[in-house]
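Right, one structure below, let's go through it.
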Amino acid sequence: MESPRPQPPYRLEDYGFAFLVVIISAAFAWLLTPYFGAVLWGVVAAILFEPLTFRLSRKMGGKPNTAAGLVLLGLLAVFIIPAILLGISLVQEVSMIYDKVSTGQLDIGHMVAKLRGSIPDSVEGLVERYGLADFESLRRQFGSGIASGLQGLATRLVSAGQGALSFLAALGVMLYLTFFLLRDGRHYGEMIREALPLRPHLRDRLILNFLVVVRATMKGTVVVAVLQGLVGGIIFSLLGIPGSLLWGVLMGFFSLLPAVGTGLVWVPMSIYLLATGQIWQGSVLAFCGMFVIGMIDNLLRPVLVGRDTRLPDFVVLIATLAGLQLFGLNGFIIGPVIAALFISVWNLMREMRSSDGLIEPDAIDLADEASEQDDAGTEAVAHPS
């Protein structure tokens, strides 16, 4: 039996070429920075819906163009167009609330004074003990803070609306990229897989982990956030609370944060309603917050993403907040993915050290394995509220 031929040693030219690859790749990444968000969401959409496109293409007798086009039209109808309409409505509602605050129709100071009048004597004594009895100062600060916050939010939303041309360009790039990734994603994925300078079994484990984490993040976080925001907004509207659309959007956003969740919105509102004598509204809101809005997370998230291998809540919280701080809205995807890959890499390192540097290679079909794990919901980075 012939022994395998030894690999030729690397020469200076090989290191030079590797350095050139790194430089050109970095330059290409820098070139894409104006459309970073569009490229990111195009890749995420392709990772999520490529298995559906593949199955649809097989059922249609091998027509990838038609299958990718149908899936893309579905994304437009179900996600993108409703999101645009929601953004337009949100701009109108925030502007309306800001006008009411500016003209005095919505008197924040009166609301604070009303809250003060409903505080029991025992609680007021406790407040005075901690030096918080200057309600007049608190009223001015709170009112000015709300007004300035609404003004800033309205300004941001209006400026975003004025940048419609840039938004349409980014949306076009995202849709264009998504179509080709849906159609040829497996081919491009195989090219990337073969090009990565890693041992095959380590490479396949990392790629599989990346695919499952992205799908779990989107399913377990975004879907639950949308449902919680929608249900919360409907409950606020039925209770006659002004600005129900704004409150619903805020609940959907805070739902992205582990260990925090929608309680940042409905708990203070329930307390205010109860303290100001609106007993049945406050009681209904508290009940719905705990047993309707909260149960959406507790019931759906395990079904969507599974229970076994979730990241710890504190890791997800720190990664999500850091991602939002560094990358804006894109960060709630980037942060957990980086955290999950960080833990995956160190788990592989631990396995290698415990097995004297060897990990048994597994024959993994990345696309099928990721799809099966995604359907079974065996991996996730999401958090319970």
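I'd like the full set of residues that are surrounded by fewer than 21 Cβ atoms within 10 Å (Cβ to Cβ) and not β-branched (Val, Ile, Thr), limited to the range 258-272. Correct list: ALA259, GLY263, LEU264, PRO268, MET269, TYR272.
Screening the candidates LEU90, LEU56, LEU48, LEU75 for the property of being touching a helix residue (DSSP H, G or I) at 6+ places or on another chain (Cβ under 8 Å), of a type in the set (A, V, I, L, M), in a helix (DSSP H, G or I) and over 30 Å from LEU246 (Cα atoms) yields one hit, LEU56. Close Cβ contacts (under 7 Å, 6 or more residues apart or on different chains) running from residues in the range 26-47 that are touching a residue at least 60 places away in the same chain (Cβ under 8 Å) and under 26 Å from ALA216 (Cα atoms) to residues that are of a type in the set (D, E, K, R) and part of a helix (DSSP H, G or I) comprise ILE47/ARG215.
The helices (runs of 4 or more DSSP H) falling completely within the range 167-259 that include 1 or more residues that are more than 24 Å from VAL345 (Cα to Cα) and in contact with a Cys (Cβ under 6 Å, 6 or more places away or on another chain) map to 224-238.
The residues listed here are ALA322, ALA286; of these, the one that is at pLDDT 70 or above, of a type in the set (Gly, Ala, Ser) and within 15 Å of the chain's Cα centre (by Cα) is ALA322.
Could you go through the range 296-307 and let me know if any residue there is touching a Lys or Arg at 6+ places or on another chain (Cβ under 9 Å) and either more than 30 Å from VAL43 (Cα to Cα) or of a type in the set (Asp, Glu) (or both). No, the conditions are met nowhere in the range 296-307.
Table: residues versus (1) exposed (fewer than 10 other Cβ atoms within 10 Å of the Cβ); (2) touching a His at 6+ places or on another chain (Cβ under 6 Å); (3) of a type in the set (Ser, Thr, Tyr); (4) at pLDDT 90 or above.
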residue	(1), (2), (3), (4)
PRO9	yes, no, no, no
ASP14	no, no, no, no
ALA26	no, no, no, yes
TRP41	no, no, no, yes
ALA46	no, no, no, yes
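Exactly one residue out of GLY69, GLY87, GLY74 is among the small types (Gly, Ala, Ser), surrounded by 12 or more Cβ atoms within 10 Å (Cβ to Cβ) and more than 15 Å from LEU182 (Cβ to Cβ), and it is GLY87.
Taken as a whole, the range 48-57 holds no residue that is basic (Lys, Arg), over 27 Å from LEU208 (Cβ atoms) and either surrounded by fewer than 17 Cβ atoms within 10 Å (Cβ to Cβ) or without any contact (Cβ under 8 Å) to a residue 60 or more places away in the chain (or both).
The values are calculated or read from the model by the stated rules, or taken from the named source; none is laboratory data. Being a predicted model, the structure only gives us computed values, none of them experimental. Note that we place each Cβ from the backbone using ideal geometry, even for glycine, and neighbour counts take in every protein chain shown.
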